[in-house]
Amino acid sequence: MSNLKFLISKNQLCQIGFWIILGLFLIAGALIKFSFVFQESLWPDEALYLYIARNLSWDLTNLTDITGTWFYHNPPLLMYLLSLFPTGNPADFASAARALITLMGIGTILITYFIARKVYHPLVGLIAAGLLAVCPLTNWHSIRILTDIPVVFFIYLAICMLVYDRRIAFYFFGFCAVLTKYSAFPILLIPLLLRLKPRIWLLMYFSLFLLLLGFVSIRSAFPAPTGWISSFYYYFQIPDVFHMLKESEFFLGYFLMLFAAAGFFFTLKEKKYSALFHWLLLFGLFRFFLPWVIFRVSRYTLPLYPGLLIFAAYGCYQSVIFIGSIWPKSSKWATAFLLLSIPVIMSFHALKSVDMMNKTSNTFVGFAKAIDFLKNQPPPHIVATPSPRQMKYYEPEFNFYDIGADVTPDSLKLLILEKKIEYLSIDIWSPHLPSWCRTYDFQKNGYQLIYASKGVYLFRILKY
């Protein structure tokens with residue numbers, strides 16, 4: 001009896017230690033993310049979503065962008081959620097929105113644990129949660145007011161519900177994912193795939209691959225569509241293998257890529273065809289044909305990352321078991337290697353996360369102070385700028401006209417004459433800033449510099 005009590009007590013201590021480690025992973029992920037919630041940096045899409053969300057807080061039907069055009073490029077759920085937390089101060093509103101996105105990112109860590117625990121093993125869930133907590137790509141975007149982290153949160157919450165056989169909850173969160181980003185629509189097909197025999201869904205996946213490959217191969221031979229459909233038509237492309245490998249190497253590393261492949265192999269071997277398995281295959285096929293430009297559109301891969309890290313964790317776990325079954329004397333060494341390698345990878349990824357987030361927190365800044373300065377200048381406040389989204393967010397009452405990448409010095413002057421523009425704002429952050437703006441002598445061509453700070457320059461137009 002005393003031995004039984006000892007074993008029970010030992011098991012309870014292991015369980016407590018297990019939950020403590022999981023809690024530490026959650027805290028680590030939270031610390032990395034919340035350290036960068038209160039930052040000035042504001043990307044163009046972030047400013048757009050905040051602008052729309054603020055409008056929705058006043059009028060639930062006002063789903064329009066900075067030009068007053070109906071916004072259809074992404075579904076509206078995120079913007080409606082953000083509209084629940086309006087504040088009078090634009091900077092405070094941005095911080096509140098980032099905090100909400102960050103909480104979703106932390107929630108995904110916990111969801112990942114529960115999925116992996118159910119599909120594979122509690123230890124696999126613990127490793128996967130730890131890897132996701134420090135993942136550079138997820139951390140980098142967890143403090144950005146974009147649709148990517150929320151859609152990942154809803155996707156994996158839906159998968160978790162399906163894994164635990166909560167069908168109604170699955171469809172609720174699945175539709176939440178689709179209402180956050182159109183690319184989440186494959187999640188609603190998972191229940192159908194789970195009911196099919198392997199040879200049927202294998203044929204479907206192969207047919208889908210051929211269909212997408214054929215589309216991107218012959219697309220250039222046909223005239224491009226116009227209107228709203230053109231926004232989605234160009235998303236599918238022949239993949240750039242170099243950028244694909246470069247992105248995977250940077251954000252995952254060869255070690256995790258190898259073990260993710262091992263996890264996929266063992267999943268096939270053991271026929272663990274779960275909702276997670278089908279999501280990675282289905283969305284992975286679509287992601288393969290989406291654009292691959294490292295750092296520019298890396299966030300398109302985010303819906304795969306929790307699943308990939310679960311596969312990597314399972315690959316590590318099964319590799320140790322496999323080695324132990326073939327070479328029993330080597331099982332201790334394999335276990336020691338696992339216990340040492342995972343913390344090393346986590347430490348390396350945590351440092352990479354902080355480094356990336358720190359560097360990008362100092363970009364896309366200076367707009368708020370430039371607007372404050374402009375408010376004290378004589379009206380009318382009609383401004384030409386390559387960053388109209390950020391400027392419009394900080395001051396919705398001013399009129400801003402976009403300077404696109406194709407604008408020339410002469411066409412800019414024509415725009416100034418046509419729209420009676422009084423001020424010109426040039427910043428080094430805009431992704432479509434015309435290249436000539438960096439070397440152009442504005443002051444010799446009728447523009448008076450009145451403000452310069454943090455890469456943002458304001459000019460008063462002296463003559464037309």
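The values are calculated or read from the model by the stated rules, or taken from the named source; none is laboratory data. The model shown is predicted, which means the values in this text are computed figures rather than measured ones. Because the Cβ atoms are built from the backbone with ideal geometry, glycine has one as well, and the counts that use them run over all protein chains shown. All accessible areas refer to the heavy atoms of the entire protein, side chains included, with ligands and DNA or RNA removed. Shrake-Rupley method; radii C 1.70, N 1.55, O 1.52, S 1.80 Å.
Going by the structure shown, is A261 farther than 24 Å from S207 by Cα, assigned to a helix (DSSP H, G or I) and either of a type in the set (F, W, Y) or touching a Gly at 6+ places or on another chain (Cβ under 8 Å) (or both)?
Here the answer is no, as A261 does not meet what is asked.
In the list L258, L208, L252, L212, which residue meets the criterion of being open to solvent by 90 Å² or more (accessible area, probe 1.4 Å), aliphatic (A, V, I, L, M) and either under 19 Å from the mean Cα position of the chain (by Cα) or at pLDDT 90 or above (or both)?
Result of the check over L258, L208, L252, L212: L258.
Select from region 443-460 the residues that are open to solvent by less than 20 Å² (accessible area, probe 1.4 Å) and farther than 16 Å from N376 by Cβ and list them in ascending order.
Across region 443-460, the qualifying residues are G446, Y447, G455.
Would you be able to tell me the number of residues in region 399-419 that are out of contact with any strand residue (DSSP E or B) (no Cβ under 6 Å at 6 or more places or on another chain) and either of a type outside the set (A, V, I, L, M) or not in a helix (DSSP H, G or I) (or both)?
11
Of the residues in region 262-276, how many are without any contact (Cβ under 8 Å) to a residue 60 or more places away in the chain and open to solvent by less than 60 Å² (accessible area, probe 1.4 Å)?
Qualifying residue count for the region: 4.
Enumerate the helices (runs of 4 or more DSSP H) found wholly within region 297-379, keeping only those where 2 or more residues are open to solvent by 70 Å² or more (accessible area, probe 1.4 Å) and among the basic types (K, R).
Filter on region 297-379 gives 331-360, 367-375.
Every residue in region 380-396 that is open to solvent by less than 20 Å² (accessible area, probe 1.4 Å) and part of a helix (DSSP H, G or I), please.
Of everything in region 380-396, those that are open to solvent by less than 20 Å² (accessible area, probe 1.4 Å) and part of a helix (DSSP H, G or I) turn out to be P388, Q390, M391, Y393.
If you go through region 1-49, how many residues are polar (S, T, N, Q) and modelled with pLDDT of 95 or more?
Count: 1.
Kindly provide the set of residues from region 397-442 that are hydroxyl-bearing (S, T, Y) and open to solvent by 20 Å² or more (accessible area, probe 1.4 Å), ordered by number.
Matches in region 397-442: Y401, T408, S411, S435, T439, Y440.
Restricting the search to region 264-296, which residues are outside any loop (DSSP other than H, G, I, E, B), aromatic (F, W, Y) and closer than 14 Å to Y205 by Cβ?
Those that are outside any loop (DSSP other than H, G, I, E, B), aromatic (F, W, Y) and closer than 14 Å to Y205 by Cβ: F264, F277, W279, F283, F286, F288.
Do you know which residues across region 442-464 are free of Cβ contacts under 8 Å to residues at least 60 places away in the same chain, aliphatic (A, V, I, L, M) and closer than 21 Å to V365 by Cβ?
Hits for region 442-464 are L449, A452.
Name the pairs whose Cβ atoms lie under 6 Å apart, with the first residue in region 414-441 and farther than 15 Å from A370 by Cα, the second open to solvent by 40 Å² or more (accessible area, probe 1.4 Å) and of a type in the set (S, T, Y), and 6 or more positions between them or separate chains?
Note: pairs meeting the criteria are L417/Y464; K419/Y401.
Out of P386, P396, which single residue is in contact with a helix residue (DSSP H, G or I) (Cβ under 9 Å, 6 or more places away or on another chain) and either over 20 Å from G455 (Cα atoms) or hydrophobic (A, V, I, L, M, F, W, C) (or both)?
P396
Select from region 430-451 the residues that are in a helix (DSSP H, G or I) and among the hydrophobic types (A, V, I, L, M, F, W, C) and write down the one among them that is farthest from the chain's Cα centre (by Cα).
F442
Restricting to region 277-290, what's the tally of residues that are without any contact (Cβ under 8 Å) to a residue 24 or more places away in the chain and surrounded by fewer than 17 Cβ atoms within 10 Å (Cβ to Cβ)?
Number of matching residues: 1.
Can you tell me which residue in region 27-52 is most open to solvent (accessible area, probe 1.4 Å), limited to those that are over 17 Å from F400 (Cβ atoms) and among the aliphatic types (A, V, I, L, M)?
Among those residues, the one meeting the criterion is L31.
Quickly run through region 23-77 and pick out the residues that are polar (S, T, N, Q) and within 18 Å of H141 (Cβ to Cβ).
S35, Q39, S41, N74
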